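A.B. asks: First, the structure itself, so that you have it in front of you.
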Amino acid sequence: MCGIAAVFNIAHDNEPIGEHDLLRMRDRLTHRGPDDAGLWSDQHAGIAHTRLSVIDPTPMGHQPMSSPDGRYVLAYNGELYNDHDLRAELASLGVQFRTHCDTETLLHAMITWGDDAIEKLRGMFTIVFYDTKARTLTLARDPLGIKPLYHASVGRNRNRQLIVASEIPTILKYPGISRQPDPVTVSAYLSSIRTTLGTRTMFAQVSTLEPGDWITFPLEEPQHAKTQNWWRRVGRAPTQGVRQTIEDSVHRHLRTDVPMCTLLSGGLDSAIITHIAKRANPDLHTYCAGARSEGFADDFTYAAQLARHLGTHHTEIEIDQQLFAQRLPEIIANIGVPVSTPNEIAINQLARTLREDGHVVAISGEGADELFGGYAPIMQQCAAHVAALADPHDDPDGGLFHLRSNAWISGELKPAVLNAVRLAEADSDEHLRSFYQNTFQQCRSTFPDDSPLQAHLRFQRRMNLPNLLQRLDTSTMLASVEGRTPFADIEVAICAESLPMDRKYATLSGGEVDTKIALRRAFAGDLPAEIVKRPKASFPLPFQSWLSPFTDLLFSSPFAYQYFTPQSLGLVCANPTKYWHMAWPMINLTLWGHECVMNEPADSINQYA
């Protein structure tokens, strides 16, 4: 796993790239790659890289990596899980390899097949691939959005540069990049707690690649940049059944030249992964985090039971209010955006602990719920929504249904919370509503004759999963740990997509529901019955009762009063536990405003840091 920072001149007559600025950007990414650092530049471009050595940790895997003739340069963040297959195909075409590193595989794949190589990749990745002769740049992101990549342009007319990086704070290090918030995404965050909206980010000048995107930039003619997306081939049939596909994915994700472990919540998804991993690694270590407050200790109980059943070396990490209050502003300051889900704090503490224990790779269970229908309350809401339609295959307001039913701060409540000027700048959330509507219609039109519930599940994969994968990426990489997600694998996604809805979700007699049916049946004989039947769990925290330490900041913050109405601030500060659905995004946005927009930590934070 790695960090990428790059600068490209849009035209030949620009000044040469300054290495000093590139090095400042690269240094901001040390946590993503503490093992090695590289820099490549010519008169018109500069690419910097930090490396977390996982596959072939020898110096031969140094990046940026250039082709033997020096024409092509690659910076890459991620892992290829079909590395062996691609190497065999390339070798049959005469390619000779000097290393065992998948970076070299990717370099030759891009040279041999051009951008068509991206459709052949199975893995998690972001790619910066530069042709120095043609002055053509390709940026790419994996289909499920496991790894992030951001870009911004700075300058005017022909004196422009394209800035690219793995994290937003790295881009903000470059001269001339504004910290001006994007009002549309800021308002959207209050509703969805997502820090991106399509290609938009929390910063007006910074954009992100969407999952599956690849963009080709002719740097001499940037107006001819072309964006393509992997999901145009979503109809490809699976090659194996559910159990075989998942076992194959886990085994591919186990490839590493450094110590690895699994994150074990005691739920079905992490149990399946740990069961398969333990068979391949008898000395497997597992980690669970959580709170011991009443009603929140189930993860510890079930994870410990499963660890005993499988015979793993198990570690428990307790999260309390003091640690929560300390870590939240630290994480926001480092990742450059508000935190989305509260259990990012738990995942980050897990990563810190397992890294201290010597583990570099952690395997996690993200992806199963969005692909196989695992969120019972959400699926029940979707089923009721479909049942109420006059024509289940005609759902013009499906996107708005998801926006309303999952909003932290609803559209109706937004004018009472968000300052009127800020709400007007966000066009009263018109862009947010349109984005949800258009995204849902794209999900529905993929297979218009399929079960109407499939569109709703596909919408969860499009909207919810990238957010969870970003949570894992930022939380683990801050501790220099590579998080891997065997369920969030493109072959698993294709397999899940091919299943009829009644193999994912069904309503039973008496009104009860069955979720992730195919997964439970596939591994029922391998795991304890109480684990197989257990509802969704993922390191939950009683954060609602932990928000009071931040109310002094919220009440006294000039940034908060620029964005929120006095009435909403008074209500939340008086009882943040009762109004947690407002307090969580408002506190996060305020912390972000001080740490990342104003770039000056609030004094009142210091007493908790």
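A.B. asks: Do we have any residue at all in the stretch 191-199 that's over 18 Å from Phe8 (Cβ atoms) and hydrophobic (A, V, I, L, M, F, W, C)?
C.D. replies: Taking every residue of the stretch 191-199 in turn, at least one turns out to be over 18 Å from Phe8 (Cβ atoms) and hydrophobic (A, V, I, L, M, F, W, C).
A.B. asks: Across the stretch 1-57, what is the number of residues that are within 26 Å of the chain's Cα centre (by Cα) and without any contact (Cβ under 8 Å) to a residue 24 or more places away in the chain?
C.D. replies: Total meeting the criteria: 3.
A.B. asks: When only residues in the stretch 561-609 that are at pLDDT below 95 and touching a strand residue (DSSP E or B) at 6+ places or on another chain (Cβ under 9 Å) count, which is nearest to Ser545 (Cα to Cα)?
C.D. replies: Cys596
A.B. asks: I'm told Ala384 meets every condition in (1) of a type outside the set (Val, Ile, Thr); (2) more than 20 Å from Asp269 (Cβ to Cβ); (3) modelled with pLDDT of 95 or more except one. Can you identify the failing condition by its number?
C.D. replies: Among (1) of a type outside the set (Val, Ile, Thr); (2) more than 20 Å from Asp269 (Cβ to Cβ); (3) modelled with pLDDT of 95 or more, Ala384 violates only (3).
A.B. asks: Follow-up question, since we're still on this one. Only one of these conditions is not met by Asp69: (1) free of Cβ contacts under 8 Å to residues at least 12 places away in the same chain; (2) in a strand (DSSP E or B). Which number is it?
C.D. replies: Evaluating Asp69 over (1) free of Cβ contacts under 8 Å to residues at least 12 places away in the same chain; (2) in a strand (DSSP E or B) leaves (2) as the failure.
A.B. asks: Considering only the stretch 401-421, state which residues are touching a helix residue (DSSP H, G or I) at 6+ places or on another chain (Cβ under 9 Å), in a helix (DSSP H, G or I) and surrounded by fewer than 17 Cβ atoms within 10 Å (Cβ to Cβ).
C.D. replies: Ser405, Pro415, Ala416, Val421, listed by residue number.
A.B. asks: While we're on this one: Which members of the stretch 22-53 meet the condition of being in contact with a strand residue (DSSP E or B) (Cβ under 7 Å, 6 or more places away or on another chain) and of a type in the set (D, E, K, R)?
C.D. replies: The answer is Arg26, Arg32, Asp35, Asp36, Arg51.
A.B. asks: Something else: Take the residues in the stretch 360-377 that are in contact (Cβ under 8 Å) with a residue 24 or more places away in the chain and surrounded by fewer than 21 Cβ atoms within 10 Å (Cβ to Cβ); name whichever of them is nearest to Val250 (Cα to Cα).
C.D. replies: That would be Tyr375.
The values are calculated or read from the model by the stated rules, or taken from the named source; none is laboratory data. Note that the structure is a prediction, hence the values are computed from the model and not measured. Here the Cβ is made from the backbone with ideal geometry for all residues, glycine too, and neighbour counts use every protein chain on show.
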